[in-house]
Structures are given as C-alpha cells and as structure tokens.
Amino acid sequence: MDILNLTAVSLGEKIKAKEVSVKEATKACLGQIEKQDKTLNSFITVEPEKALEQAEKVQQKIDAGELTGPLAGVPVAVKDNMLVKGGLTTCASHILDHFHPAFSSTAVEKLQAAGAVILGKTNMDEFAMGSTTETSYFGPTRNPWNTEHVPGGSSGGSCAAVASGEAIYALGSDTGGSIRQPSSFCGVTGIKPTYGTVSRYGLVAYGSSLDQIGPIAKDVRDCATVLETIAGYDPKDSTSVKRDDYGFTKALTGSAKGLRIGIPEEYFGEGLDPEVKKSILDAAEALKAQGAEVSYFHLPLVEYAIPAYYIIACAEASSNLERFDGVKYGYRTKEYEGLHNMYKKTRSEGFGAEVKRRIILGSFVLSSGYYDAYYLKALRVKALIKKAFDEAFEKYDVILAPASPTTAPKLGESLSDPIQMYLGDIYTISVNLCGLPGITVPCGMDSKGLPIGVQFIGNVFREDHILQAGYAYEQTRTMEICPLCR
Amino acid sequence: MANVISDETMEYVGILAKLELTGEEKENARKDLEKMLDYVDKLNELDVSGVEPMSHIFPVNNVFREDEVTNGDGSKDTMANAPAQKDNQFIVPKTIG
C-alpha cells in the first residue's frame, strides 16, 4: 500500500530513481480501483489495458531520458467532462453515454506530454451541475472516509479517487466550487486557478465565464506542480490569458511571514457548523504563529453572490447545452415526429432533473421581457461583488474562509431541496464570479470523522499568495490518512 | 412577492429550452422556477443604477487568426459519433415541407 500513500512529486522522484517502475505504480492504483470502486464508484470509465500500455511507453521514454519532469510516470484520473481521445467522455449524462471525442482537451494533452498515465475518467454531477455527485447518470460516488456520506461535487469522483489512493492525483473542474468543496469533504487539496490560466479547450462547457480546470492532489506541492504543467496560454481558448509567470512552485517557501491574511466576518456567522468554524479559525491561528498578519474585516454583499451566480451560471448553461440536440453526436430518441419533436424528446430523455431545472431557469432569465430584470441585473451585481473583493485585496494578500458550511452530508439528504443545496456554495461561488484563484487544504476532522478543509482565496494572478499560505499552513500539521489507504 | 408563472410562460420557456415536459414534470418545473425566482429576487434589494453589467472579469476581444487549416481531416472520428448516418452525412428528420 506504500505507493498509494505517496504524493505525486515523491512518486515521480522514486520512478526517476528507479525505486518504483511506472507499471508498478499503475498496477497499484488499478489494484486499489479493483478493490474499492465497486463501493466508491469514483470512476465512470477505467481502462486497465490502456493504462498499462501507456505505462510501458512512458517507462521507455523515462529510461531514454526523454521524459524528465516531476510527473513522468505518475498515474492520474481525469474528470469525465474533459475530452480524452480514444475513450468515452460522458459528462455523467445519458445524452453523452456513448460519446467518443475526436480530440483531447489541452490540459490532458499537456499532462500526457509530461508523462502522465491516465487511469480513467471520474464520476461527477451530470454536466458538473450539483454539489454532491448524486446527479450522475451512473449513480452517486461515495465518500472514502465514510461511505454513507457524499464526496461533495461536482468533482466528487476525482476527489474520492485521490483520497482513497485509486489515483495519485486528478484533474477536476470548478464553476462554483466544484474542486474546492469536494476537496474539503474528502480531505484532499484542490486549487481553482485564476480564470484564463488553464485552457478550457476540450472541457465540456457549463458556465463558460466561470469554468476553470484545476488539480486535485494530496498536498499543496502536488497542486502547484500539476498546475505548472497544465497552465499556459492556448490560442484554442479565446478567454485564455497570457501570464508573465507560470512558476507556481516558486511560491512554496515554507514561511507565512508578512502575509496579510483577512478573515471576512460575514463568513463566520449563522449557518456555519461550529466544528468547521473552530477548525478554520485554528488554521488562522497556526498561520499567525508562522508570522502572518491576521485580522478580521467586513466583506459586503456576501448574501447576493448565490442568487447572482445561479442566474449567470444557468443562463450560460442553457446556451451551452443547446448543442445537445441528437443530430451530430450523443443520444437520439428512438421515436419522433419531425425535427422539433426529435430535439425536444432527445433532450427530455437525455438530461437528468437537475440539468433540466437549470436549463429552464437559464432559458427564462434570458427570454425577452425578463433579460434586463434578471440576467443584466445579475451581471451588475457581479460588478459590485468584484469591486468588494478588489477593495479587500488592497488590504490583504489572502482571504481565509471555509470551503463549505458543513462537512459532507449523508447520501440522499441534499437533492430534495435545491435552494438549500445551492446555499452550501456560499464560500466558493464568489471566487468564480470574480475570476479569483482559491485553494482548499485539509485542516482537521469533525467528531463524525469527516474531513474539514480551509480555503485560501487570492487576488487574480496571485496564486503565489495562496500557495504560500497553504504550503506554510500544511507544514504545521500532520495530514490524516484515509482509512482505505491505511 | 411570490412569483407566479402562467401556463403560457411555461409553454414558452419549454420552446426556448427545447424540452418536452410531461404533466407532472411540468408542474414540478413550474414550482421549482417560481421558488428559484422568489429566491433570486433578493437582488432587487440592491440599487444597481449606474453600474455597468460585467460579463467577463477581463476584457474580452475578438481573437483573429489567418484561416489556415492546422488540424487534419477528422471527419471519420466525427461521423463515428453520429446517431444516424448515411454516405458520410448525418441523417436528420425532414426539415422543410
């Protein structure tokens, strides 16, 4: 079981030093998948033969000195909304359950070029719409710490896979918290970079102005290393940003000295579980002891972020998901009368309840007569929220926050009341609205034995600050190991 | 104020969303939409007059490039996903009368 407890960087070092072969590493993960995934359901697709074939090729390139990077030979899991040529990409939806993409996403190609071995595609909420991984067409994923509980979502499969050792690290995507919240629920580390940092080419779009791909791993160094590998300007993504510096691992100094950390009072009021609150504030104290300057401040407009987000995200989703019409790819209904009836029946049978709910809301807020009152209004509120964060970042380098008001709920508790579920996104959603980077780092366990994560939020292009804070904090504690990995 | 969505509006949204909902589904969708609108109406508490709508965080401009083919012929892979095809073309229901 030793391999499964290694971080990506340390496994990469052992592979380079020939202490572990790529095949051994791949087999260890495949063995854990075989053992655990009937229960966990972290994966939608696993292709052992293909993974072992890749392992062999990567090993040859390492031996020939062609692959020398830190991730060469390390097995990875990819969320099933990122295209990987040569297999299925389903977005956890019936409408794409037989879809074989004709090309791969840029992030995946970059990982492959760095010598990653792709184990398979991970489960998620259908089209990334959900906070629990229960809206998947392929059934829910279970939390490796306690299988009665959800792993969070929408990147629940990726987070559960990393927590359980089924994969050494994973890619997720984050539109409203979908990397950071499940990372918190599963006791792993996940970062959503500044909007435009990782190419969205080949990521099936949900809310295009909000979506970002990011790494999920065991620790901050892994996240920084993977981000360094997948980030970069891509002419195939029109919102890709040319950054001056992609050297994220440079930020891992081990010191928090001089970092100005702000804690928004509004994030610590009603609705926050007392155990989560204590754990987050303990993390703040630990950073203070490391030399950070920590103080409280007022962050206005917090309660308006969720309504603004759901209008914008659903509007974009309703537009993005128009392409699923049963014509060129994906599911097509069996019986229909004419073109429009085919569209409607295909979509009604192909999409699940949560996806339909969001398409309907999105179509409504974009319809003539309601566009100004809802959609434009939400975009104006977004501008106000952005201004509030801009002002906060004049005084602080990092905003410290919970990732979720509670630890992971039990399966079946969340879907009956959608608005209640949406309220759980309170601490993650503004980060997407404002294009900011955010990282979740494990910070403790509650009395039920479920993980708690602390979130560090930075200004745009300041991943260095949150990586520095996260890494310095990580050095102050011993990480808990998931029971399935012991 | 509680939002009430009329049958006509539900019908119209169904056309825009290209979704065909059964009786019970439609009633649930209406209730969900009404509840969600009641909730997002919270934004009306804010005075946003004079605030420009912000669609993107960073300025978004048209990105131009020369119209040169950089990828190969992907038609085989593309057609392999077609729900119905004939002679390398997608089969669709009759679209004109």
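Read-outs: derived from the displayed coordinates by stated rules, not from any lab. The shown structure was predicted, so the numbers you read here are calculated from the model rather than taken from an experiment. Virtual Cβ from ideal backbone geometry, glycine too; neighbours counted across all protein chains shown.
For region A:408-486 versus region A:22-78, the inter-centroid distance based on Cα atoms is 27 Å. Taking label positions 7 Å along the Cα-Cβ direction at both B:Glu8 and A:Lys395, the computed distance is 5.1 nm, reported to one decimal.
Helix B:7-17 axis versus longest C-alpha principal axis of chain B: approximately 30°, rounded to the nearest ten. Of all aspartates and glutamates in the structure, those lying under 12 Å Cα to Cα from A:Lys278, and not within fewer than 8 positions of it along the same chain, are A:Asp446. Placing a pseudo-label 7 Å from each Cα along the Cα-to-Cβ vector at B:Glu45 and B:Glu66 gives an inter-label distance of 5.7 nm. Would you work out if the protein assembly as shown is rounded, prolate or oblate? Take a ≥ b ≥ c from the square roots of the eigenvalues of the alpha-carbon gyration tensor; rounded if a/c is under 1.5, else prolate when a/b is larger than b/c, oblate otherwise. Oblate shape, in that a/c is at least 1.5 and b/c is the bigger or equal ratio.
Checking the Cα-Cα distances for A:Lys79/A:Lys110; A:Lys85/B:Lys94; A:Lys50/A:Lys79; A:Lys356/B:Lys35 against a 22 Å cut-off, the pairs over it are A:Lys85/B:Lys94.
Once you order the gyration tensor axes a ≥ b ≥ c over the Cα atoms, which shape class does region A:343-486 get: rounded for a/c under 1.5, otherwise prolate or oblate by comparing a/b with b/c? The shape class here is oblate. Considering helices alone, the calculated mean residue ellipticity of chain A at 222 nm is -11500 deg cm²/dmol, with DSSP H runs of length four and up weighted by -39500 (n - 2.57) and normalised per residue.
With a 10 Å cut-off around each Cβ of A:377-389, the average count of Cβ atoms from other chains is 5. The ranking of A:Arg323, A:Arg243, A:Arg332, A:Arg347 by Cβ neighbour count inside 10 Å, starting from the fewest, reads A:Arg323, A:Arg243, A:Arg332, A:Arg347. With a 10 Å cut-off around each Cβ of B:75-84, the average count of Cβ atoms from other chains is 5. Listed by chain and number, the aspartates and glutamates placed with their C-alpha closer than 19 angstrom to that of A:Lys250 are A:Glu13, A:Asp219, A:Asp222, A:Glu228, A:Asp397, A:Glu463, A:Asp464, A:Glu474; residues fewer than eight positions away on the same chain are left out. FRET efficiency for the B:Ile96 to A:Glu322 pair, using the beta carbon distance and R₀ = 25 Å, is estimated at 0.75. Mind running the shape call on chain B? Use the C-alpha gyration tensor, a ≥ b ≥ c as the square roots of the eigenvalues: rounded below 1.5 for a/c, prolate if a/b tops b/c, oblate otherwise. Oblate, because a/c is 1.5 or more while a/b does not exceed b/c. Only beta bridges with both residues in chain A are counted; by DSSP, about 65 percent of them are antiparallel. Taking 7 Å steps out from each Cα toward its Cβ at A:Ser238 and A:Tyr370 produces label points 2.6 nm apart.
For the segment A:196-209, counting C-beta atoms of other chains within 10 Å of every residue's C-beta and taking the mean gives 1. Taking GluC sites (Glu not before Pro) as exposed when DSSP calls them loop and at most 16 other C-beta atoms lie within 10 angstrom, chain A has its longest site-free stretch at A:149-269.
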